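**Student:** Pasting in a structure now, in structure tokens, and then I'll have a few things to ask.
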Amino acid sequence: MLQRSDGSRTVGMTDRDTKTIYLADDLRGRFLERVLCHELCHAFCLSYNVYMDIDTEEIVADFLATYGREVFEIADRLLIELMEVA
């Protein structure tokens, strides 16, 4: 477990000051993938200067972590089909 600046514990966090993602050592499998995707969302927001309140950013990061891979898999399949038709 990692400790945030407010003292709470978490399995992943993105440090806005150092622009570093930290992940707990014992994450594995699908949970590791979800936590990494969640933290990457925060990192992208920092990198591209996307500002939103933290509650909204958490919702977006959770959505990406939960459904991101599926969205991109569907988009890839649709693009392949569209290219075959053209």
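Every number in this text was worked out from the coordinates using simple rules, so none of it is lab data. Bear in mind the structure is a predicted one, so any value in this text is a computation, not a measurement. Neighbour counts are summed over all protein chains in view; Cβ atoms, including those assigned to glycine, are modelled from backbone coordinates with ideal geometry.
**Student:** If I ask for residues that are more than 21 Å from Leu46 (Cβ to Cβ) and assigned to a loop (DSSP other than H, G, I, E, B), which ones from the range 1-26 would you list?
**Tutor:** Result: Met1, Gly7, Asp25, Asp26.
**Student:** Within the range 38-50, does at least one residue satisfy the condition of being touching a Gly at 6+ places or on another chain (Cβ under 9 Å), among the acidic types (Asp, Glu) and on the phi < 0 side of the Ramachandran plot?
**Tutor:** Yes, that holds for at least one residue.
**Student:** Cβ-Cβ distance below 6 Å, separation of 6 or more or different chains: which pairs start in the range 63-76 with a residue that is closer than 15 Å to Leu36 by Cβ and end on one that is surrounded by 13 or more Cβ atoms within 10 Å (Cβ to Cβ) and of a type in the set (Lys, Arg)?
**Tutor:** Ala65/Arg34
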